[in-house]
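Only one structure is covered here, and it is reproduced in the block below.
The values are calculated or read from the model by the stated rules, or taken from the named source; none is laboratory data. As the structure is a prediction and not an experimental result, all values here were calculated from the model. FYI the Cβ positions are ideal-geometry reconstructions off the backbone, even for glycines, and counts take in every protein chain you see. Ligands, DNA and RNA are stripped out before the accessible areas are found, and what is left, the full protein with its side chains, is counted by its heavy atoms. Shrake-Rupley method; radii C 1.70, N 1.55, O 1.52, S 1.80 Å.
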Amino acid sequence: MAFTDLLDALGGVGRFQIVYTALLLLPCGLLACHTFLQSFTAATAPHHCRHPANYTEASTNDSGAWLMATIPLNQHGVPEPCLRYTEPQWALLKSNASPHAVATEDCKDGWVYDRSVFPSTIVMEWDLVCEARTLRDLAQSVYMSGVLVGAALFGSLADRLGRKAPLVWSYLQLAVSGAATAYVGSFSAYCVFRFLMGMTFSGIILNSLSLVVEWMPTRGRTVAGILLGFSFTLGQLILAGMAHLIRPWRWLQFAVSAPFLVFFLYSWWLPESSRWLLLHGKSQQAVQNLRKVAMINGRKGEGERLTIEVVSTYIHSEFASVRTSNSILDLFRTPAIRKVTCCLMVVWFSNSVAYYGLAMDLQKFGLSIYLVQALFGIIDIPAMLVATTTMIYVGRRATVASFLILAGLMIIANMFVPEDLQTLRTVQAALGKGCLASSFICVYLFTGELYPTEIRQMGMGFASVNARLGGLAAPLVSTLGEISPVLPPVSFGATSVLAGLAVACFLTETRNVPLVETIAAMERRVKEGLSKRDTERKSEEISLQQLGVSPLKETI
């Protein structure tokens with residue numbers, strides 16, 4: 001008997017699983033706010049040079065005329081953001097005057113910003129424009145670096161310390177560092193706290209998903225996993241609404257960080273994974289947690305009859321060969337695990353680089369960023385409904401592969417849409433982003449089911465590291481547009497299609513299959529599957545020979 005049979009005996013998908021999943025997925029939704037927060041807190045507003053302090057506007061009461069006399073216009077008739085005339089050119093106010101051969105200089109006295117949409121952003125506060133404009137992207141790269149470090153750190157710690165301890169710490173770290181970010185006075189301090197916030201992303205996502213999967217019976221895993229995607233989508237919609245209502249960046253930063261203090265407080269009630277406890281010899285605590293689950297699910301009698309010996313009958317065969325110490329090498333040591341790990345490295349990196357390449361720069365579409373953010377969130381809902389249906393009735397492998405390939409084709413097709421059709425380009429990009437978001441959530445669940453419990457968190461952490469590398473690579477790939485505008489979409493689209501083909505060719509289906517607990521059990525399952533296929537092939541050949549038909553001729 002498997003551990004999932006024990007969960008079924010204690011109520012299956014009962015009240016405990018529903019409440020437990022909801023409490024874990026709510027923080028995951030607000031994580032989306034932090035991931036895409038810089039689309040609003042670091043938005044770039046129209047700006048132009050500030051005139052020197054010794055200049056006076058006394059010569060004219062018309063601010064428009066003053067601007068025309070001090071700031072040159074670009075080819076679109078808009079004031080240059082990074083240049084000004086060395087001296088006011090009042091002669092330019094005449095209709096027949098020409099600005100050619102007029103001396104200009106850089107903005108030496110700061111900038112004036114249009115605050116009609118954004119009253120304050122980090123760009124305005126620290127003048128991250130013109131020569132310093134790359135620092136804006138640097139801040140987001142620092143956040144993604146934190147996510148990368150967190151994936152490596154928390155993935156390893158969770159297999160050693162349990163799922164709950166890193167999760168509780170991540171809630172506290174995000175609450176403190178997020179609130180501190182709202183009060184910092186320098187750009188360098190802002191980057192430090194953004195890095196600490198990024199670290200918590202992996203600690204929360206990976207441990208929340210593992211706890212949900214490990215407390216959920218087989219028949220409830222698909223819906224629970226896909227709900228993680230819906231929570232992330234809900235977070236994007238919440239961000240669009242909050243950013244529209246709370247325009248100053250410091251208040252917006254504080255508003256999306258404060259709820260994690262509440263999550264930290266109630267997370268102490270969440271029980272540790274009994275699977276992990278049993279794997280690490282903490283049977284008494286595992287039995288106590290299982291009794292609590294039984295009581296909440298209305299199966300108090302079954303819970304009272306649980307003892308260490310009874311629980312052992314469910315998990316002895318699965319945990320018999322478990323190792324108490326694991327390393328990153330275990331992800332490559334045996335053939336079955338090695339194939340899964342190498343394939344998932346490609347899938348997570350490709351999915352991430354394409355996803356963040358599309359989703360991080362909302363201003364490039366030329367529409368209201370609040371509208372684009374809402375559209376990018378809303379489009380995920382039908383995409384994930386389709387993903388949920390196909391994962392339940394078709395399988396994980398086909399779902400992930402199909403969404404990745406479809407997203408890649410949409411990204412490449414967007415190259416052929418004219419630049420002046422911004423609405424069409426935005427809608428098509430949103431559809432591609434919806435497919436990538438759905439495949440992202442599906443592959444989270446798929447990865448958790450592919451790895452055995454013994455190294456599940458380490459495997460998910462390692463896979464997440466590759467996703468964060470993709471997130472770091474996305475801005476670099478986007479800069480290829482300066483060489484040729486076709487390079488970024490071709491790169492994003494091709495990697496997505498490649499990942500879809502890798503899933504279809506090399507990963508096995510896990511729909512309605514019990515979770516594997518140990519590396520040895522997974523290797524046995526793979527060998528049994530190969531032996532079964534070999535037996536079926538030999539039986540078919542014998543049947544053909546008995547009919548007097550050569551297998552080779554039949555194949556031809």
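Summary table
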| item | result |
| --- | --- |
| Test: residue in the stretch 40-51 that is part of a helix (DSSP H, G or I), at pLDDT 75 or above, surrounded by 15 or more Cβ atoms within 10 Å (Cβ to Cβ) and touching a Leu at 6+ places or on another chain (Cβ under 8 Å) | yes |
| Those residues of the stretch 332-366 which are at pLDDT below 85, open to solvent by 60 Å² or more (accessible area, probe 1.4 Å) and of a type outside the set (D, E, K, R), in sequence order | Gln363, Gly366 |
| Residue match in the stretch 470-482 (condition: free of Cβ contacts under 8 Å to residues at least 12 places away in the same chain and within 20 Å of the chain's Cα centre (by Cα)) | yes |
| Flag if Leu10 is modelled with pLDDT of 75 or more and open to solvent by 30 Å² or more (accessible area, probe 1.4 Å) | no |
| Residue among Val123, Val184 that is more than 28 Å from Gln457 (Cα to Cα), hydrophobic (A, V, I, L, M, F, W, C) and assigned to a loop (DSSP other than H, G, I, E, B) | Val184 |
| The stretch 120-136 residues that are free of Cβ contacts under 8 Å to residues at least 24 places away in the same chain and farther than 15 Å from Pro46 by Cα, paired with ones that are in a loop (DSSP other than H, G, I, E, B) and β-branched (Val, Ile, Thr) (beta carbon under 7 Å, 6 or more apart) | none |
| Selection within the stretch 492-528 - surrounded by fewer than 21 Cβ atoms within 10 Å (Cβ to Cβ), farther than 14 Å from Ala398 by Cα and charged (D, E, K, R) | Glu523, Arg524, Arg525, Lys527, Glu528 |
| The stretch 445-461: number of residues that are aliphatic (A, V, I, L, M), open to solvent by less than 10 Å² (accessible area, probe 1.4 Å) and touching a Gly at 6+ places or on another chain (Cβ under 7 Å) | 2 |
| Conditions (1) within 28 Å of Leu431 (Cα to Cα); (2) β-branched (Val, Ile, Thr); (3) modelled with pLDDT of 85 or more; number of the one not met by Thr222 | (3) |
| Odd one out for Gly229, checked against (1) open to solvent by less than 10 Å² (accessible area, probe 1.4 Å); (2) more than 19 Å from the chain's Cα centre (by Cα) | (2) |
| Hits in the stretch 238-269 (condition: over 24 Å from Phe187 (Cα atoms), of a type in the set (A, V, I, L, M, F, W, C) and surrounded by fewer than 20 Cβ atoms within 10 Å (Cβ to Cβ)) | Ile238, Leu245, Leu261, Val262, Leu265, Trp268, Trp269 |
| Tally of residues being among the aliphatic types (A, V, I, L, M) and open to solvent by less than 10 Å² (accessible area, probe 1.4 Å) across the stretch 13-33 | 3 |
| Every residue from the stretch 416-425 that is modelled with pLDDT of 80 or more and within 26 Å of the chain's Cα centre (by Cα) | Leu424 |
| Cβ-Cβ under 8 Å pairs, at least 6 apart or on other chains, the stretch 384-400 side modelled with pLDDT of 85 or more, far side open to solvent by 20 Å² or more (accessible area, probe 1.4 Å) and among the polar types (S, T, N, Q) | Thr390/Ser402; Arg397/Thr508; Ala398/Thr390; Thr399/Thr390 |
| Which listed residue is more than 20 Å from Leu30 (Cα to Cα), touching a helix residue (DSSP H, G or I) at 6+ places or on another chain (Cβ under 6 Å) and surrounded by fewer than 23 Cβ atoms within 10 Å (Cβ to Cβ), from Ala175, Ala158, Ala152, Ala180 | Ala152 |
